[in-house]
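Input: a single structure, listed below in structure tokens.
Computed from the coordinates by the stated procedures, all read-outs in this text should not be read as laboratory data. Just so it is clear, the model here is predicted, and its values are computed rather than measured. Cβ atoms come from the backbone with ideal geometry, glycine included; neighbour counts cover every protein chain shown.
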Amino acid sequence: MILSTTRFGDLAVDETQSMEFPEGLPGFEDCRRFVPFEHAECAGLMFLQSMDRPGLCFLTLPVRSLRPDYCLLLTPEDSKLLGLPAGRPPRIGTEVAAMAILSVREGQPPTANLLSPIVVRVATGRAVQAVRPDNRYGCREPLVPEEVQCS
Amino acid sequence: MLVIRRHEGQTVLVGDDVEIVIIECGGRRVKLGFRAPRQVAVMRGEVKLTREQNLAASQPVSTAALREVEKRLPVLGAGGGKLPGVGEIAGPVPAPHHGTASLEGDKP
């Protein structure tokens, strides 16, 4: 299908690639469907374009690109929403894909939201922004961990 | 900050319309119940942070700013898995991902 977007104009997208957020995202509860794509000009970045609002497009990176040892922690409610067992973290790569939304402000270093990654059930396309119930990561983490930057 | 100690079963009133009940406490967690009118938003602190961060992240990004992001990208090595089946805009339509994933397995 052809999707009208503000940033990229008319995009040819494959609807079978779309993600469905049953509850939208915090602050965007009415935006339920997104389609991911990469752009040839920005290799490595994954755009999440809203299928409900042409002007809404999030920039994301896989959590494991940012922190190779990242493990998900979901509330029982989010596990249930994705149809996953609550007793253990979902397996990134096989059960789910997990991406962090990036914030880019003019004149400031970009940051990644590792507190609340987008988690997509690979088998079904059902997705949730899973806000972690612990304090391990923040919502404005640097793209590269501080200890690496200082070396 | 006002600090109040409560036992299980006791309540705290906020304003005229909000009641908080300590349903259960034990170990390192507490279960709280909230009675509030529909128009009063009750949410976990980290959900409010997420909401604010999403709004900031949804602002349009200039091409120049995107270039800056690309420069700072971590090296996308073995840890950076792509979403299954996603291709580039100009390329052929990728295969549907609603099936068996062929991504690398989870790290222990």
Given segment B:1-76 reduced to its alpha-carbon atoms as identical point scatterers, what log10 I(q)/I(0) does the Debye formula return at q = 0.11, 0.14, 0.16, 0.22 Å⁻¹?
-0.55, -0.68, -0.76, -1.17
Filter the trypsin sites (Lys or Arg not before Pro) in segment A:69-114 down to the DSSP loop ones having no more than 14 other Cβ atoms within 10 Å, then list what survives.
A:R105
Dipole moment magnitude, nearest 20 debye, segment A:78-147 about Cα centre, only Lys, Arg, Asp, Glu C-beta charged
360
Please compute the net charge surrounding A:K80, taking Lys and Arg as +1 and Asp and Glu as -1 over other residues with Cβ under 15 Å from its Cβ.
-1
Viscosity 1.002 mPa s, temperature 20 °C: give me the Stokes-Einstein translational D for segment A:1-79 in µm²/s, with Rh taken as the Kirkwood radius over C-alpha pairs.
153
Within segment A:61-151, which GluC sites (Glu not before Pro) sit in a loop by DSSP and count at most 14 neighbouring Cβ atoms inside 10 Å?
A:E106
Proximal charge balance of B:I20 [Cβ under 15 Å; K/R count +1, D/E count -1]
0
Directionally averaged shadow of segment A:17-151, computed from the convex hull of its alpha-carbon atoms, nm²:
9.1
Excluding A:S4 itself, what net charge comes from residues whose Cβ is under 13 Å from its Cβ, given Lys and Arg +1 and Asp and Glu -1?
0
In straight Cα distance, which aspartates and glutamates are under 13 Å from B:K31, not counting same-chain residues fewer than 8 positions off?
B:E8
Can you figure out the FRET efficiency of A:K80 with B:F34, using R₀ = 22 Å and their beta-carbon distance, to the nearest 0.05?
0.60
